1. Enumerate the pairs (first residue in the stretch 263-288 and within 16 Å of ligand 1 (Cβ to nearest atom); second residue anywhere and open to solvent by 60 Å² or more (accessible area, probe 1.4 Å) and among the β-branched types (Val, Ile, Thr)) with beta-carbon separation below 6 Å, excluding pairs fewer than 6 apart on the same chain, so at least 6 apart or on different chains.
2. Are there any helices (runs of 4 or more DSSP H) wholly within the stretch 190-289 with 3 or more residues that are within 19 Å of the chain's Cα centre (by Cα) and at pLDDT 95 or above, and if so which?
3. Is it true that some residue in the stretch 46-54 is buried (at least 19 other Cβ atoms within 10 Å of the Cβ), at pLDDT below 95 and either within 24 Å of residue 184 (Cβ to Cβ) or in contact with a Ser or Thr (Cβ under 8 Å, 6 or more places away or on another chain) (or both)?
4. Kindly indicate the residue of the stretch 167-193 that is closer than 15 Å to residue 317 by Cα and away from ligand 2 (no atom under 15 Å from the Cβ) and also least open to solvent (accessible area, probe 1.4 Å) among those meeting that condition.
5. Could you count how many residues in the stretch 1-49 are of a type in the set (Lys, Arg) and either in a helix (DSSP H, G or I) or within 11 Å of ligand 1 (Cβ to nearest atom) (or both)?
6. Only one of (1) touching a strand residue (DSSP E or B) at 6+ places or on another chain (Cβ under 7 Å); (2) surrounded by 19 or more Cβ atoms within 10 Å (Cβ to Cβ); (3) assigned to a loop (DSSP other than H, G, I, E, B) is not met by residue 296, so which one is it?
7. Which one of these does residue 106 not meet: (1) part of a loop (DSSP other than H, G, I, E, B); (2) touching a residue at least 24 places away in the same chain (Cβ under 8 Å); (3) open to solvent by 10 Å² or more (accessible area, probe 1.4 Å)?
Amino acid sequence: MPEKMGRIIVTGACGQIGTELVPELRRRYGQENVLATDIRGPTEPLAGSGPFALVDVTDRAGLARLIERHKIDTVYHLAAILSARGEREPERAWEVNVEGLRKILELAREHGLRLFWPSSIAIFGPATPKENVPQETVLCPTTIYGITKVAGELLCDYYFHRFGFDVRGLRYPGIISSEAPPGGGTTDYAVEIFHAAVREGRYTCFLREDTVLPMMFMPDAIRAAIELMEAPLARLKHHANFNVAAMSFSPAELAAEIRRHIPEFVCDFEPDARQAIADSWPRTIDDTAAREEWGWRPRYDLKSMVAAMLTRLSERYARSSAAQEHQQPRGS
Ligand code: NAD
Ligand code: AKB
């Protein structure tokens, strides 16, 4: 029997993933049953499309009030500080990513909640194999973000084994999406490049052209989260740390694929501090455990993802320039 979700709270809902996860959860489980929360106010498509509350994930009492008031039974805990921002604000990264998660775990234990929490390929470090990283491997990251994610995986597994409640998670690669901008990571170039290609026909990439990293298109990322949460608990041998993979490519390969649609597109490369982070991460991931335990299969590869991204962004920019023209006073 698939696991059921009744009333859901999503933390960090206004970020890159929440902006697309919340509408899908609302579509599946009912608009009023999904409470979106963040420390900043909602923009489209979250604004006005269902319940929303401002709350900081380090505010345990504030979260407890929302959980009780909305009779929550499931948490999608997305609030976090990502890799590049984490290097600028390491103390904040620990506070939000570890202390925030610990408070959510305690609330989940007290209120008997199910929990989804995403880890990241940032848990891997220079001592991890670069190719086909196995499920069980060396976890010695060199970024504070990676360290908080290793701590998070260990905490989640500890709560599962010690208190026996249902916490699940997966190690997302870099996520590529067309709706909300990414929130300060090392893989952000793979989103920025599309906006620059469509608007200006040119992009300067902050990673070296041959830096291969694991990536995933947002529709696959959303489906992975929901399919993992709906999988029967009895089938799972792992809990909060599933490797998941979809595609791997370098900035040069991504630029070449974009050029098949926009031949005049030019990409330059000026690596910055984020190069060292990318160099510490693996190139490809073995996701056999996710495939075997809950049937994970990606649907998008580099070619289909690029075609979909360019279509979505071209339509979006065409709509917004049509709207701007419409607003111009006549004769101007
Ligand atoms: P994001 O940075 O786009 O969004 C995070 C959201 O959390 C933001 O809206 C921010 O306002 C909110 N937030 C920050 N501090 C908060 C606090 N103290 N209280 C409440 N909200 C707070 O991140 P995302 O890309 O949507 O990532 C969501 C989760 O997925 C994170 O755990 C991240 O580590 C993980 N992940 C993301 C990627 C990716 O490529 N996007 C890859 C691997 C893992
Ligand atoms: C980042 O680059 O920090 C994120 C991630 C891979 O966790 N996109």
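1. 280/142
2. Details: elements: 218-230, 251-259, 274-279.
In the stretch 190-289, the matching helices (runs of 4 or more DSSP H) lie at 218-230, 274-279.
3. Yes, because at least one residue in the stretch 46-54 is buried (at least 19 other Cβ atoms within 10 Å of the Cβ), at pLDDT below 95 and either within 24 Å of residue 184 (Cβ to Cβ) or in contact with a Ser or Thr (Cβ under 8 Å, 6 or more places away or on another chain) (or both).
4. Looking at residues that are closer than 15 Å to residue 317 by Cα and away from ligand 2 (no atom under 15 Å from the Cβ), I get 178.
5. Pass one, the stretch 1-49, residues of a type in the set (Lys, Arg): 4, 7, 26-28, 40.
Filter again for either in a helix (DSSP H, G or I) or within 11 Å of ligand 1 (Cβ to nearest atom) (or both), leaving 26-28, 40.
Qualifying residue count for the region: 4.
6. Answer for residue 296: the failing condition is (1).
7. Of the numbered conditions (1) part of a loop (DSSP other than H, G, I, E, B); (2) touching a residue at least 24 places away in the same chain (Cβ under 8 Å); (3) open to solvent by 10 Å² or more (accessible area, probe 1.4 Å), the odd one out for residue 106 is (1).
Per-residue answers, yes or no, for (1) open to solvent by 10 Å² or more (accessible area, probe 1.4 Å); (2) assigned to a helix (DSSP H, G or I):
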| position | (1), (2) |
| --- | --- |
| 66 | yes, yes |
| 71 | yes, no |
| 85 | yes, yes |
| 95 | yes, yes |
| 100 | no, yes |
| 142 | yes, no |
| 148 | no, yes |
| 155 | yes, yes |
| 162 | yes, yes |
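The values are calculated or read from the model by the stated rules, or taken from the named source; none is laboratory data. Treat the numbers as computed from the prediction; the structure is a model and nothing was measured. Counting neighbours? That spans all protein chains shown, and the Cβs are built from the backbone with ideal geometry, glycine included. Ligands, DNA and RNA are excluded from the accessible area calculation, which covers all protein heavy atoms including side chains. Shrake-Rupley method; radii C 1.70, N 1.55, O 1.52, S 1.80 Å.
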